[in-house]
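The values are calculated or read from the model by the stated rules, or taken from the named source; none is laboratory data. All values reported here derive from a predicted model rather than from experimental measurement. When we count neighbours, we look across all protein chains shown, and the Cβ atoms used for this are built from the backbone with ideal geometry, even at glycine. Keep in mind that these areas ignore ligands, DNA and RNA; they rest on the heavy atoms of the full protein, side chains included. Shrake-Rupley method; radii C 1.70, N 1.55, O 1.52, S 1.80 Å.
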Amino acid sequence: MIRATQLKKSFAKPGSSKKNDKVLAVQEVSFTAEDGQVTGLLGPNGAGKSTTLRMLATLIKPDEGNAQIDGFDVQHNIQEVRKQLGFMPHNAGIYPRLSARENIHYYARLCGLKRSDARQRANELLQQLDMESFADRRSAGFSQGQRTKVALARALVHSPQTLMLDEPTNGLDVMATRGLRNIIRDLAKQGHCVLFSSHIMQEVSALCDHIAIISDGKIAMTDSLEGIKTKTGENDLEDAFVRAIGETP
Amino acid sequence: MRFLVVMFKEIIDNLRDKQTVFYALLFGPVLMPLILGGSIIISLKQLSIDFDQVTPLAVVNAELAPNLMTFLHSNNIDVVEAPDEPEKAVRRGDSPVVLKVMPSFSDALRAGKPAPLTLFVSDADKKSTREARKVVALLNAYERTINALRMQHRGIDPNVFNSLDISREDVSRDGAGGQLLASLLPFLLIISMVMGGFYLAIDTTAGERERQSLEPLLSLPLNRRELVLGKFGATLCFVALSGILTSISVFFLFQFFPTDLIGGGLHFDAPTIFKSFLVASPLIAFIAAVLITVSAFTRSSKEAQTYLGVLMVIPMAPFFILQFVTIRSELAIMPIPMMSQYQLLERTVLGDPIPALYIILSAGGTFIATAFMLLVAIRLYSRDRILM
């Protein structure tokens, strides 16, 4: 379970020499993502989705506000948060000279699994995500779909309760997207908390039980799909989204 | 102990990278010694004259100076038929030098006047100038003999004209070439150690940022200190491997050096090379730490290569500084990494005794600098900015 409260983060302006010249990336971000549900963080490009996820993943420290992952504070219980959390950034970031199996095995070992356990865990994930056909090939020539699967397997390697995926369907074809959706639904059914960010309406409406709309670094609205449609008085998520971020459709 | 997991992964990963392997296993250990050592061997051979070696000399009008020919022959010169156009032959390089006995030679000699000889030389050609030096040296010796005979003939002691007796003794044990050779070992060893870890360090730090594989890595339940230590360890292994291979190849290279050219004072036998490697070994950790830390500062491989490229001057600096400056206070530079190892390696090769204090200061200073660099790297990895 993820609970974010009034997160705020600003960065030094690139190329600016002044110390106080800052860009406000995220302000007033509060939302909750429950276990057993898929929560969508929906927002246009540059809305602050990745910054929010990075703060939740303990990669950067929020300037203000706080957040808990399964009850652990992201600023004070960093290692505990990391144990609960599987994070897949928007670029797969896998090692091109290692095979799919080696990529997963490496992460398993880094998470503290013994050699034999790591091997077994890698086998499980390769099977679960249907990757056996390319398990022992070097990743350099992988398709986007294959790369995403490897990255997802790595994020799941320590069996985290909470999973965060940053724009996971980017660059995937229809079949790969559908495959990934099924995997995400299964994970939620097993009781995991899944938070995933996207700027694609269809994606969110097809998959999410709960939606947080983010715009200009602020959460504009957070509710179930039906709730958002009711609140905005729009029948279509796209129109609802446009209304939620303060524009007229 | 998770840093070992990181370390082994980086080693395996980089062993699959042709560029890294080329620089670690081939460039430093094989190509550099061959290119540098080879060119030094060749230039030394060109500089030195071997009076014991029989060399041919083309002479025009040899029949006009039979005594001179006999003298040359007894001094390991094989007088041969001269080409038709001596000047062109020398210019083209067909004959290195040609000696022409002028037609008036025997008359002048008999009359007690300077007897004319012409030596055709091409100063643009090193082989020609070297041959010319040899021939001139022999002709001078012949002239001294004739001078002495002429004076004795007139009842004068030839020593009357030898008012000075200059004897020149080179007291450095190794001569001019030896100093250069003595600094060749530290130069090769240190450069190849740097090159050995260069690409691995860039790949594991800046490369990881560039591939965007750092972000998921940092979100794992793993201490960043272990991450840095793992990457440092992998770089260290490559630097060490490169150093060991270079020591071996330098050992074999010096088996080809003619000992009379090196000078008797230089040692390149197996125990000396082994000792040199031990003296230089604290540098392995230092070099690995510098490479990791500097490339951790940078955002991309290209940026890292630029920074480290500039930094490459530093390991070379002591080599050039010590070529020009004779440092009197050795004790003061002992705690400085690189500088001290250069000095100690030179001493080792020259067979000078090394005080224990020097070794302690050198190793101690280098280890402190290494620890400092590693702390900086760990700090760099703990900042938000590492992901930006």
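The convex hull defined by the C-alpha atoms of chain B has an orientation-averaged projected area of 26.0 nm².
Within segment A:18-112, the ratio Rg/Rh, alpha carbon atoms throughout and Rh by Kirkwood, equals 1.01.
The mean sequence separation of alpha-carbon pairs under 8 Å and at least six residues apart, normalised by the residue count of chain B, gives a relative contact order of 21 percent.
Starting from a Cα-only point model with no solvent, please compute log10 I(q)/I(0) by Debye for the protein assembly as shown at q = 0.07, 0.10, 0.12 1/Å. Log-scaled intensity ratios, in q order: -0.64, -0.96, -1.17. With just the Cα atoms defining each centre, how far is segment B:274-317 from segment B:122-146? Give it in Å. Centre-to-centre (Cα) distance: 49 Å.
Relative contact order for segment B:1-80: 23 percent, from Cα pairs under 8 Å spaced at least 6 residues apart, divided by residue count.
Between segment A:41-71 and segment B:191-217, the C-alpha centres lie 28 angstrom from each other. Straight-line reach from B:Lys302: which aspartates and glutamates have a Cα under 20 Å away, not including same-chain ones fewer than 8 places off? Result set, ordered by chain and number: B:Glu10, B:Asp13, B:Asp17, B:Asp203, B:Glu208, B:Glu210, B:Glu215. The heavy atoms of B:Asp17 present about 30 square angstrom of accessible area, all protein chains included, probe 1.4 Å. The trypsin sites (Lys or Arg not before Pro) of segment A:78-147 that meet both conditions, a loop assignment by DSSP and at most 11 other Cβ atoms within 10 Å of the site Cβ, are A:Lys114. Among B:138-151, B:354-367, A:159-172, A:58-71, the peptide with the highest mean count of other Cβ atoms within 10 Å heads the list, and the full ranking is A:159-172, A:58-71, B:354-367, B:138-151.
Modelled spin-label separation between A:Leu24 and B:Glu143, with each label point placed 7 Å from Cα along the Cα-to-Cβ direction: 9.5 nm.
Annotation: amide H-H contacts under 5 Å for B:Ser95 (H modelled 1.01 Å from N, sequence separation of 5 or more, or interchain): B:Val90. Peptides A:31-44, B:243-256 ranked from most to least packed, by the mean per-residue count of other Cβ atoms within 10 Å: A:31-44, B:243-256. When both segment A:135-183 and segment B:45-91 are represented by their alpha-carbon centers, they are found 82 Å apart.
Near A:Ser224, the amide H atoms lying under 5 Å from its own belong to A:Ile211; only residues 5 or more places off or on other chains count, and H is placed 1.01 Å from N.
For chain A, the equivalent ellipsoid derived from the alpha-carbon gyration tensor has semi-axes of 30, 22, 17 Å in decreasing order. Residues in segment B:55-161 average 62 Å² of solvent-accessible surface per residue, probe 1.4 Å, ligands and nucleic acids excluded.
When a 1.4 Å probe is rolled over the protein heavy atoms, the share of accessible surface on chain A that falls to carbon and sulfur comes to 43 percent.
Net charge in the neighbourhood of B:Ser295 (other residues with Cβ under 12 Å of its Cβ; Lys, Arg +1, Asp, Glu -1) is 0. A cut-off of 5 Å between modelled amide H atoms, ignoring neighbours fewer than 5 places along the same chain, links A:Lys22 with A:Lys13. When the Cα gyration tensor is reduced to axis lengths a ≥ b ≥ c, the ratio a/c is 1.5 or higher for segment A:70-185, and with a/b not above b/c it is classed as oblate. Taking each of A:Lys8/A:Lys231; A:Lys8/A:Lys61; A:Lys9/A:Lys83; B:Lys45/B:Lys127 in turn, the alpha-carbon distance tops 18 angstrom for A:Lys8/A:Lys231; A:Lys9/A:Lys83. For the residues A:Ala118, A:Ala220, A:Ala140, a GNM of chain A with alpha-carbon springs under 10 Å puts the largest fluctuation on A:Ala140. Using θ = phi - 60° in the Karplus curve 6.51 cos²θ - 1.76 cosθ + 1.60, the 3J(HN,Hα) couplings for segment A:58-70 round to 6, 7, 10, 8, x, 6, 9, x, 8, 8, 10, 10, 6 Hz; x is entered for Gly and Pro. Built from the Cα atoms of segment B:55-161, the convex hull projects on average onto 7.2 nm², one quarter of its surface area. When you restrict to C-alpha pairs under 8 Å that are six or more residues apart and normalise by the size of segment B:55-161, the relative contact order lands at 23 percent.
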